[in-house]
Every structure is written in structure tokens, then in C-alpha cells.
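Everything below concerns the one structure shown next.
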Amino acid sequence: MKQQHKSRPNSSTSLAARVSAGAVRRPARGWRAFLASVCVLLAAPVASHAAASPSSHFPARSSASMPDGPGGPRLAKLLLDASRGEYSVDRIRDAAAAFGSASIPAVLDVLEEGTFHERRKQGGIVVHALDEDARLGLARALGTFQWESVRRWIEHRLQGDPSLKARSTLLFVVGAAAPDESLGDLLMPIADVPRGQERALRQPLEDALASALARESNLQDELRALFVNTPPTFLRSVIAGIKKGGDQASLDGLSRLLDSVPEADPLLMIEISDLAKTVVRPVPGRTLDRIRAALISRNESVQVEAAKALGRLDDVAAVPMLIEALLSTSGALRIEAKVALDRLSAERFGSDAAAWSQWHSDSQRWLQGEAPRWKADLRTGDQSRVSRALLQVARFRIYRYEFVEDVAAALANGNENTCVVACAVLGHFATSGSIEPLLKALDHPIIAVRKAALEALVRATGADHGEHASEWRAAGWPRT
């Protein structure tokens, strides 16, 4: 290959600085300039591109047009498929795998501009806009290429002090496609901007984290290290990005961050407590263990939010700690501990720690002594025994997860009176396992059972989507 320069500039000097100093001429904008640069790049063998330093063949920045040369038509087809929304993940994976590292900057340019310029054979240019699905598809296409090459291009662009728009695009790509081990190394350097500009990158950073967590990845294991190394200005963004999923994985991710950056714990617990309102229960024990540990924090606001969260998450194992919290010198903690106990038990002993302790002891004796007998009776088919068992288990709402499936079985196999009582008990339990059997009961042939099922659903969910199961399912019930 003919050498184009007598000497290569110092790689430590940013591209932007060299352009400003006049060492590098700014290329002309437009599709013709881009066409010329991409053709040269795509004409080189793939192996030579993979081995070379990105700075030695970084293309002129311009809007992307139809590339020619070896590999060019296939890259153009990928870009056109994405811009028209006519693609699948498999098609993009197959197409991207055929391109050398020269395709990486072209795709990054398209992602940044949000458009693809197609030069028609009969003349003229058509501009295609990319929607969010198309941008995600292109980013994943980059991820199917050897990631180390993509990473080198990203690091090279960071050397040139990219614009906020370019940094947003890089965050998007990293969130959509980067391997777990690269996320922490790239997210914060991309978001490293002068003070006063970080606000523009908070939302892209949140979205990148949410996108990465939504993928089947092991990012959860990297979150704590990422959080420890996060600048204070972006702590809220990281927390918001993790919470955005709104599921048990998000709750687990937030709980992992507790006690890693002590000054962030109050904010973390507020978000954990808020997410606990809607997350599907029961929650894995490892998540609850971390939140219970926050209940004995030295920070009062952390303790208060932990008490709220444990009550909302139906954590039976936290009952002794909540009873002890009734004796706290903190009035706010005493109030939230009482509210949590009320929710867990459906009992009303106020702030009387002694009464709550007695109730808890009696409940445990019942669970270990009589409960197995009543649990068995729920499945006997003897309607008299089933009815008595339903009334017994309803008294101990604290153990509702132990009995919800047995009550559902009684509803499926009972007579009219038994089914009506079983619906009422499932509504009283208000667990995620209550919803599906109640939805099925909306189609019961007996009107009284259908009415009882609807009343129980409204009580359990706080919503009313009508008397037909199809309407509830269309509204997203049962939650998963």
C-alpha cells in the first residue's frame, strides 16, 4: 500500500487539537467525501484493519452515504435494512460479521446522525431516518463484531474529545452491545465531561445501564465496583438506570449497592422502598437479607426506608427486627415499623411491642403445630373440612405464601359456598399467586362465585378492569 504520510503524528495528540492547529485539514462534508474515504477503507483486507491502530485509518466524519468497494454493498444493505426497519437480529448478526473493522466508524456515524443517506443508481439521494429499534439493531450489529475492535474505535473517539451528541451515541452502543467486563471501563470515561455539561449525559447514562441490565448478562456482579468508581455527579443516574427495569433484578441490583458508597445509601433506600411497592413478590432471600441489614444502619433515614421496604416486600423473617424497631428512640422508625407489621399481619396492636411479640410467638407455634393439618384439609375435597381450613389459614395472613396454592386448589374443586370463601381468602392474601386462580374464577358458571372473584381481584390489586378475565389479561394481569 502506498504510504500517504512521511511521518505519523504523535498518537497522544488529540485529533481535534491537530485539526485546530492546522496539522490535519478538515475534510469536505457530504456524501462524496464519505464515499471516497469508506471505499478506501473497505478495499483493504479485513485482517490488516484488525491489526492496525484505529488512529492510523480513522475516516473523515461525515453523514453516511452508500459505500462502494469490496464489502461496501453488504454494509449498505445492513444500513438500509436498519433505516427502513426491515431487519432481524439474525440478519444483522450475519451481515455485520462479514464486515471488517472499517465498517465500525461508518455505523457509529449513522447512529450519531440518526439518518442514512442512500445514493440511488438512477441519481439523487434519499435520506432514511432511523427509529429507536433500528438504532438498537445497528448497535447490536456492532456487538456481534469482534468487540475489541469496536472498543479501540470508541477509545479513539474519546481521544478526540467528542461532542455531547457523540458521547450519547457511544453510551447507547456500550449499553446495547458491550460485554459485561467492558461496561465499567467505558461508561464513566464516556460520561467524563467538564463540570456543567454532565446534565446532558445523565439520561443517556441511565438508558445505557437499563439496556445493559435488560440483556441476558452478568452485569449484576459488576454493579458494586461500577458504583464505587462513579463520580458523585452521576450517582443518581446510575441508581435511576438500575431501577428503570422495575423488576426483581432491578431491586436486587440496587440492594447490591448498599454500603458501597455510604453517602448514597439514603437515596438508594428511597428508591428501593419505592420499587418495593410494585415489584412482584415473593422476592429472593438474598435481596431481602441486604435490605434487612439496612434496618440496623446508623443512618436514621436508611432505617426508616428499610422498614417501609420490608413491609411492602412481605418479608416475614423481618418481623422480629420490626418489633424491636418499635422500641427505637426514632419516632419516624417506630411509625414505619408499626405500618410494616400491620401490613404483614393484618393485625392491629399499635405500637405495643409486647403484644406484637406475643402474637408472633403464637403464630410460630400455630405454623409448627396445627398448620400442617389445615394445609392437608384444604386438598381433601371434603367441603366441610375445606371450609374450616379456609377460615383457619385466613387468620394467619403472615404465612399466606405457604398456603396460597392450597387455597387455589380449594377454589378449583369446591362447591358454591367453598368457592366464595376461597375467593375471599385469596383476596385477603393479595399475593401474586392469588391472581391467576381468581381470573379463572371470573369464568365460573355460578354467578355468586364470579362476583366473589371480582371483589377479591379488586381488593388484591387495587384495580378494576371489569368482570371479564380477558380484560384483566389485556391490562397485564397477572404481573410477572
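Within segment 213-236, the set of residues being assigned to a helix (DSSP H, G or I) and either of a type in the set (Lys, Arg) or in contact (Cβ under 8 Å) with a residue 40 or more places away in the chain (or both) comprises Leu213, Asp221, Glu222, Arg224, Ala225, Leu226, Phe234, Arg236. All told, Leu257 meets the bar of being surrounded by 23 or more Cβ atoms within 10 Å (Cβ to Cβ), closer than 30 Å to Gly196 by Cβ and either touching a residue at least 24 places away in the same chain (Cβ under 8 Å) or over 16 Å from the mean Cα position of the chain (by Cα) (or both). Taking segment 451-464 as the range and being touching an Asp or Glu at 6+ places or on another chain (Cβ under 9 Å) and surrounded by fewer than 19 Cβ atoms within 10 Å (Cβ to Cβ) as the test, the residues that pass are Lys451, Val458.
Test Asp109 against the criterion of being in contact (Cβ under 8 Å) with a residue 12 or more places away in the chain, open to solvent by less than 20 Å² (accessible area, probe 1.4 Å) and out of contact with any Leu (no Cβ under 8 Å at 6 or more places or on another chain), and give yes or no. Against the criterion (in contact (Cβ under 8 Å) with a residue 12 or more places away in the chain, open to solvent by less than 20 Å² (accessible area, probe 1.4 Å) and out of contact with any Leu (no Cβ under 8 Å at 6 or more places or on another chain)), Asp109 qualifies. For segment 391-431, the set of residues classified as within 35 Å of the chain's Cα centre (by Cα), among the hydrophobic types (A, V, I, L, M, F, W, C) and open to solvent by 40 Å² or more (accessible area, probe 1.4 Å) consists of Ala424 only. Does segment 351-370 contain at least one residue that is touching a Leu at 6+ places or on another chain (Cβ under 8 Å) and within 20 Å of Phe403 (Cβ to Cβ)? No; the residues of segment 351-370 include none that is touching a Leu at 6+ places or on another chain (Cβ under 8 Å) and within 20 Å of Phe403 (Cβ to Cβ). It is to be established whether one or more residues within segment 233-240 are closer than 16 Å to Asp314 by Cβ, at pLDDT below 95 and open to solvent by 40 Å² or more (accessible area, probe 1.4 Å). No, segment 233-240 contains no residue that is closer than 16 Å to Asp314 by Cβ, at pLDDT below 95 and open to solvent by 40 Å² or more (accessible area, probe 1.4 Å). Residues that are within 16 Å of His468 (Cβ to Cβ) and of a type in the set (A, V, I, L, M) within segment 420-445 comprise Ile435, Leu438, Leu439, Ala441, Leu442, listed in sequence order.
What is the residue count in segment 151-206 for residues that are within 24 Å of Arg224 (Cβ to Cβ), surrounded by fewer than 22 Cβ atoms within 10 Å (Cβ to Cβ) and charged (D, E, K, R)? Total meeting the criteria: 7.
Can you name every residue in segment 196-212 that is in a loop (DSSP other than H, G, I, E, B) and either closer than 30 Å to Arg286 by Cα or in contact (Cβ under 8 Å) with a residue 12 or more places away in the chain (or both)? Gln197, Glu198 - these are the residues of segment 196-212 that are in a loop (DSSP other than H, G, I, E, B) and either closer than 30 Å to Arg286 by Cα or in contact (Cβ under 8 Å) with a residue 12 or more places away in the chain (or both).
The values are calculated or read from the model by the stated rules, or taken from the named source; none is laboratory data. Bear in mind the structure is a predicted one, so any value in this text is a computation, not a measurement. For neighbour counting, all protein chains shown are included, and Cβ atoms are generated from backbone atoms with ideal geometry for every residue, glycine included. Areas reflect the complete protein model, heavy atoms only, side chains present, ligands, DNA and RNA absent. Shrake-Rupley method; radii C 1.70, N 1.55, O 1.52, S 1.80 Å.
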